[in-house]
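The values are calculated or read from the model by the stated rules, or taken from the named source; none is laboratory data. These numbers were taken from a predicted model, which means no experiment stands behind them. Here the Cβ positions follow ideal geometry from the backbone for every residue, glycine too, while neighbour counts run over all protein chains shown. These accessible areas exclude ligands, DNA and RNA; they are computed on the full protein's heavy atoms, side chains included. Shrake-Rupley method; radii C 1.70, N 1.55, O 1.52, S 1.80 Å.
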Amino acid sequence: MDKFEQAFNELIEKELKIEPRDWMPEKYREHLIRQVSQHAHSEVIGMQPEGNWLLRAPSLRAKQVLLAKIQDEGGHGLYLYSVAETLGISRQEMIEQLHTGKAKYSSIFNYPTLNWADIGAVGWLVDGAAITNQVSLQKTSYGPYSRGMVRICKEESFHQRQGYEIMMQMAFGTPEQKEMAQDALNRFWFPALMMFGPHDKDSAHSSQAMKWKIKIESNDQLRQKFIDHTIKQIEYLGLTCPDPNCKWNEETGHYDHSPFNWDEFWNVVNGNGPCNQERLDHHKKAHNDNKWVREAAAAYALKTEAQVA
Ligand code: 3HC
């Protein structure tokens, strides 16, 4: 082991941060580019199912709040693309990887948002699951990613409350609204739990990610944490958990759950979910339609640079 690798290992051991100019193993860099770029793509693609309800939000306030949330998600994507750029990949390469299917984005965004209650379920469950993971990632070993997570978590926590507020309005509203809230919970419960990724034993990257302290808690640990605190929120709403086996287990000190439908998960991850095609087509179209904005920004930057010089 040379002195560079030794210095890297010591930083990891002491739970200090690796910074962009520090030496790092090539595999560590590649691992982070894969994860961070996929995270960035998730933030940006995640704007689509919510954007679907912007023009149909039930009040001006609801519309304003949803718009602010969607803008935040775009901002999260930008922070994360910038984090990945510090690792030596360009934004253009990342977008190409998304468009060719080389890079993934979270499975959850391939499910449709059919009605307003779904916007509540997305904010509550999807952002709730994302925060559970991201709070843990605040301690990740790569400095720029860890610091980005601190800010993102603050905003995500507002998003989770936005979703829960909608769920409260629906669940405590008319019987029809309560039925819509239950239906949204039924459809989003299992997909939200599968956001945490495959079980630890089937997770290809977890073991190395934990050695490098990129991941602080495993997929299953985070999923269980999310189930444990969300069940109480379901009870408060007066709704029913869609999983009949979700019962408190005195021995483990956690809620049990039914086996997940991993065939469905891998089907969605591999491009065959209900909205995969639509999400990618929309992203490609927006990217092409907005080419002139990138060109104008680049021309302006060049001009400003020339003036400064
Ligand atoms: N959706 C799509 N692909 C998934 C997935 C999911 N929910 N869970 C796992 N996978 C993929 C992995 O990317 C990997 O594929 P790859 O080798 O082609 O990259 C494969 O399945 C094996 O899974 P692993 O468990 O081995 O993968 P990881 O160790 O990377 O763990 C993860 C997966 C927990 C999602 C991890 O990558 C992670 O923590 N990522 C950062 C957080 C993130 O991306 N969150 C997205 C959620 S949405 C969001 O944040 C937006 C917010 O506004 C709601």
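What number, in percent, do you get for the relative contact order of the range 3-274 if the mean sequence gap of Cα pairs under 8 Å and at least 6 apart is divided by its residue count?
19 percent
Just to check I understand the Karplus step: with θ = phi - 60° and J = 6.51 cos²θ - 1.76 cosθ + 1.60, what whole-Hz values come out for the range 88-104, glycine and proline as x?
x, 10, 8, 4, 4, 4, 5, 5, 4, 4, 5, 5, 8, x, 6, 9, 9
Taking a ≥ b ≥ c as the square roots of the Cα gyration tensor eigenvalues, with a/c under 1.5 meaning rounded and otherwise prolate when a/b beats b/c, else oblate, which class fits the range 15-117?
The shape class here is prolate.
For the range 1-34 and the range 91-110, what is the separation of their C-alpha centers, rounded to whole Å?
Each part's Cα centre sits 26 Å from the other's.
Using the charge dipole of the range 3-274 (Lys, Arg: +1 at Cβ; Asp, Glu: -1 at Cβ; taken about the Cα centre), state which of Gln160, Val268, Ala121 has its Cα farthest towards the positive end.
Gln160
Taking a label point 7 Å from the Cα of Gln169 along the Cα→Cβ vector, which residues of the range 52-83 have an amide N closer than 19 Å to it?
Of the residues in the range 52-83, 52-72 have backbone N under 19 Å from the label point off Gln169.
Quantify, in whole percent, the carbon and sulfur part of the accessible surface of the chain (1.4 Å probe; protein heavy atoms only).
Reported share for carbon and sulfur atoms: 56 percent.
Quick one: accessible surface of Arg29, probe radius 1.4 Å, all protein chains present, in square angstrom to the nearest 10.
60 Å²
Based only on Cα atoms, what Rg/Rh ratio does the chain have, Rh being taken as Kirkwood's radius?
Using only Cα positions, Rg/Rh for the chain is 0.99.
Over the range 153-309, consider all pairs of different Cα atoms and compute the Kirkwood hydrodynamic radius from their mean reciprocal separation; express it in Å, one decimal.
Here the Kirkwood hydrodynamic radius works out to 19.6 Å.
Counting each DSSP H run of 4 or more residues in the chain as -39500 (n - 2.57), what helix-only mean residue ellipticity at 222 nm follows after dividing by all residues, to the nearest 500 deg cm²/dmol?
One gets -21000 deg cm²/dmol as the mean residue ellipticity at 222 nm.
Step through the table entries Lys14/Lys211; Lys3/Lys213; Lys154/Lys215; Lys27/Lys154; Lys17/Lys69, compare each Cα-Cα distance with 24 Å, and write down the pairs that go over it.
Distance filter (> 24 Å) returns Lys27/Lys154; Lys17/Lys69.
Taking the Cα centre of the chain as origin and charging only Cβ (+1 Lys, Arg; -1 Asp, Glu), how large is the dipole, in debye to the nearest 20?
Dipole about the Cα centre, nearest 20: 760 debye.
Leaving out ligands and nucleic acids, note down the accessible area per residue over the chain with a 1.4 angstrom probe, in whole Å².
On a per-residue basis, the chain sits at 52 Å².
Could you tally the net charge around Arg223, taking each other residue with its Cβ under 12 Å from the Cβ of Arg223, Lys/Arg +1 and Asp/Glu -1?
Spelling it out: positives minus negatives among the neighbours equals -3.
May I ask which residue of Gln307, Asn9, Gly77 lies farthest towards the positive end of the charge dipole of the chain, with charges of +1 (Lys, Arg) and -1 (Asp, Glu) on Cβ and the Cα centre as origin?
Gln307
Just read off the accessible area of Glu26 with the full protein assembly in place, 1.4 Å probe, to the nearest 10 Å².
About 100 Å², rounded to the nearest 10.
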